[in-house]
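Down below is the structure, laid out as structure tokens.
The values are calculated or read from the model by the stated rules, or taken from the named source; none is laboratory data. Bear in mind that the values here come from a model prediction, so they are computed numbers and not experimental data. No Cβ is skipped: glycine too gets one built from the backbone with ideal geometry, and neighbour counts run over all protein chains shown. SASA here: full protein model, heavy atoms, side chains in, ligands and nucleic acids out. Shrake-Rupley method; radii C 1.70, N 1.55, O 1.52, S 1.80 Å.
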Amino acid sequence: LLIEVKQRAGNRSGINDALSKFRTSVRLVTKWHQSARILCYLSVNNTWTAYEWIDGMTVEVESIV
């Protein structure tokens, strides 16, 4: 599952806005495979951070890429 979110701010409020848009998009999905991992990758200052949707929350996780 790919949900693309674009946010152009490298500060904490920009990160929070991007994650908020990600959460909103996830809630709009009506079906996905039971074992699917739903991830959000953020690039800030050329460093990637991964967040996973787990039980209705975004949790920072180790990147799989």
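The figures follow:
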quantity	calculated
Top-ranked residue in segment 46-65 [being over 16 Å from R12 (Cα atoms) and touching a strand residue (DSSP E or B) at 6+ places or on another chain (Cβ under 9 Å); ranked as surrounded by the most Cβ atoms within 10 Å (Cβ to Cβ)]	W53
Test result for S43, in a helix (DSSP H, G or I) and open to solvent by less than 90 Å² (accessible area, probe 1.4 Å)	no
Flag for S20 being modelled with pLDDT of 85 or more and either part of a strand (DSSP E or B) or exposed (fewer than 14 other Cβ atoms within 10 Å of the Cβ) (or both)	yes
Meets criteria (part of a loop (DSSP other than H, G, I, E, B), at pLDDT below 85 and within 10 Å of the chain's Cα centre (by Cα)) for I3	yes
